[in-house]
Structure formats: C-alpha cells, structure tokens
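Read the figures in this text as sums done on the coordinates, not as results from a lab. Every value quoted in this text rests on a predicted model; they were computed, and no experiment measured them. All Cβ positions, glycine included, derive from the backbone under ideal geometry; neighbour counts span all protein chains shown.
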Amino acid sequence: MSADLHRSIDAVWRAESPRIIAALMRLVRNLDLAEELAQDALVSALERWPAGGEPDNPGAWLMAAAKNRALDHLRREAMLARKHAQIAQELDGVHDELHATREAALDDDIGDDLLRLIFVACHPLLSRDAQAALTLRLLCGLTTDEIARAFLVPEATVAQRIVRAKRTLGEADVPFEVPRREDLPERLSAVLGVVYLVFNEGYAATAGEDWMRPGLCAEALRLGRLLVGLAPGEPEAFGLLALMELQASRAQARTGPDGEPVLLQDQDRGRWDRAAIERGLRALVQAERLAAAPGPYTLQAAIAACHARASSVDTTDWGRIVALYDALAALAPSPVVALNRAVAVSMHAGPGEALGLVDALADVPALRGYHLLPAVRGDLLQKLGRAGEARSEFLRAAGMARNARERALLQARAEACLY
C-alpha cells in the first residue's frame, strides 16, 4: 500500500469513525461490538482499496461495510426477524449514499446518533473522568496514550477507565437514546463538558501532524446548537455555544499557508469570521440573561468576547480579562486557569508581574508534563530580555509537545532566542 493511500485511509477513519460507531451502536446496542464491527470495516478498506482504488465517497463506503457486518452479526445472533426491516432500509439508504444525491439524508440520521452516543458516554453511572476518556476515545479517535497526555495521567489509568466504563454501560444495558426532557439536568453538565472536550481537540489537536482538526470543531458546534434547543432555559448551554462560536471565529487566521500555527498576537483579525462572532455574542447575551450569576462557560465566553471586540492585542481590555479569570478561578479553580490568568496578567501589568505567578505553578503535579507551562515561562523570559533562559524553556516545551506543528513552533521560538 502506498504511503499516500495509507494516510488517506487514516484521515477518513479519524473523520468518520465516530459516526460509524454511533450508527452501529443504535443497531447492536453494545459499545464494544460497535467498535469491533467498525474496525472490521476499516480492515476491509485496508485490504480492498489498494487494489480497487479509493471509492468516490469513502465515508459512505465504510458505513455500508460496517452496517453489512452488523447485519451478519444480527443474523448469527438470531435477531434478524426483529431488526431486518430496519437494517435493510438503512442499508438501502447507505448504498444509495454512494451516489451523491443521497448524502444529506445520511448526515441528518448520523447527527441524532452522535448526540445519543454522547448521552450514553455521559451516563450518571460513570465518573466524570470515565465520561471524558470514553468520549475522547469514541468521538475524537484519540489513543489511550494521547488521552493520558491530555489529562496528565498514566496511560494505564486511562485504559482502565475506558474498559470499566464500557463494562458498566454494558452490564446496565443502558438505552441508546437522548433522555426525556425531565431527565436532562442530571446529564447535561457532563454532556456540555465532553462537547467542549471535542471542540478543544479540534481547536488544538493533542497529537498528529495538524494543529487543528476543523471537522471536530464543526461537529462540536453542531452539537452545541442542538443542545440549546434541547435545553433552552440552561444558561451554560448558551455559554458553551457562545464560547465555541467565538473561538471558532479565529480558525482561518490561526494557521499560515502551510498549516503552521499563528499565535494570537500575529493573527490577521480581518480574517476572523464576523458572522461567527455575532452568533457568539448573541449566545453570550442569552447566557447572561438566563443566569443569576455566570457559570464557567459563560465566563470563558466573556473572555473570548473581549478578544473578539478588540481591533488588536494592544487595544484588548486585559484588565477585564484578568477580572474574569479571577471570577473563573473562584468558581472553577484549576492550574490551567491559573496559568491562563498569568498570561492575562503579563499583558495587563507586564511580564515581570506574571513570572512569579508562573513560577508558583512549577511544582503543581498536574502541570509537570504540561508543555504550555514552560512555553508561557519562555515567552515571559524572552520579553524580559533573558534570552538564554527563554530558549531553554522553549526547548523543554518542545520536548513535551505531542503535536508536530506546535513542536515545530516552539523549536522555532527557541532558535529565535539566539539572534
């Protein structure tokens, strides 16, 4: 198999596997089995495409192959009588999908399946850590190693969480459905959290050759819009949607012509999506109207709005951003929030003021493998004229980074300290 075809299959799989697994989960009602059948379809592609060529619609090909395997399984398990009509109808739709005239119909069906899969992954039977790990595995296609790096925990811990989560859901025979409206509140907070995880993985990929995965950002936004429809009185649903819209508005300016990262201070704000900003600001107004006091997503959206309203880094209201981070730290304290606040302090009061805040985080266990801690420290040292120390910090950050684009950026910043 050529390297180009292998990369193409890998890209298709990363994009389509969540939809395929979600569709199979609805049919076989077993998460492990759905993943196994999806993997079988991938193996089939690896066997057939090198000889026959990549199909015109590779995602629909994989979906059809996976559903055919589901049909075979159900036949073997003597469930054909109950499921035959439903599966046959769906298979007809998927085979028609191979022709461009039917693509939209599949997308609509898949959308509901993905939302159901998220609600399954966020079942109250699972811990928040298990919900997050399972979602990143299923919807983002991250390996256990990549998830472990994202959460700064051992790989074995993540693997155990995923295995136990699947076992728990299987033993409880959890229905594959969106809960009734009266049952939404007990799961909604977790669902919002994992949708944001999906968005973040798209906005700044943990690993791989690309800094962004736009498909995941788009999927998270679509799910966020569905969620405000399901829970129109929930301020944090609007807060999350506002945050994602405002962050996504910068997408076109965050990478250069060759896919290299472009930092906030270097971005061409004329390339920011004004329509997305307007949607985000409207959602933020709705979140603030519904809430007696802003929640974590609404506060983060308000921070993003400060950037969206400013014409440049210099005209940004950094004092307000620091105040918003103060409120966020009081409501949902975390080392990452503290690090982000230090960046805002550096812009508002200077790098010297912020360096002490960053140094105070050096011994926080959760940040010991977090590449952005030395990256921020390197930036502050560079601004203070301490080029040698800054170079060491950038190199240390590059050694921790798993994303190839981000690693290259940090290495370039280290080299720039020599001149």
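From Cα pairs below 8 angstrom and at least 6 apart in sequence, can you work out the relative contact order of the chain, rounded to a whole percent?
10
Count charges around residue 204 for me, please; just the other residues with Cβ under 12 Å from its Cβ, Lys/Arg as +1, Asp/Glu as -1.
With Lys, Arg at +1 and Asp, Glu at -1, the net is +2.
Taking only the Cα atoms of segment 261-345, how large is their convex hull per residue, in Å³?
Per residue, the Cα convex hull of segment 261-345 comes to 100 Å³.
Over 41 Å apart: what share of the alpha carbon pairs of the chain falls there, rounded to a whole percent?
19
For q = 0.20, 0.26, 0.33 Å⁻¹, what log10 I(q)/I(0) does segment 199-241 give under the Debye formula with an equal point scatterer on each alpha carbon and no solvent?
Summing over Cα pairs of segment 199-241 leads to -0.61, -0.80, -1.02.
Rounded to whole Hz and in sequence order, give me ³J(HN,Hα) for segment 39-47 from the Karplus expression 6.51 cos²θ - 1.76 cosθ + 1.60, θ = phi - 60°, writing x for Gly and Pro.
So the Karplus estimates, Gly and Pro as x, are 5, 4, 5, 5, 4, 4, 5, 5, 7 Hz.
Which order do the peptides 260-271, 17-28 come out in when sorted by mean C-beta neighbours inside 10 angstrom, highest first?
Highest-to-lowest ranking by the protection proxy: 17-28, 260-271.
If N is the number of residues in segment 342-419, what value comes out of its Cα radius of gyration divided by 2.2 N^0.38 Å?
Normalised Cα radius of gyration, segment 342-419: 1.04.
Ranking request for peptides 193-201, 150-158, 33-41: highest mean number of other beta-carbon atoms within 10 Å first, then the rest in descending order.
In descending order of packing, they fall as 193-201, 33-41, 150-158.
Taking Cα centroids, how far is segment 10-66 from segment 162-185 in Å?
Result: 23 Å between the Cα centres.
All other residues with a Cβ under 15 Å from the Cβ of residue 142 taken together, and with Lys, Arg as +1 and Asp, Glu as -1, what is their net charge?
Cβ neighbours under 15 Å give a net charge of -4.
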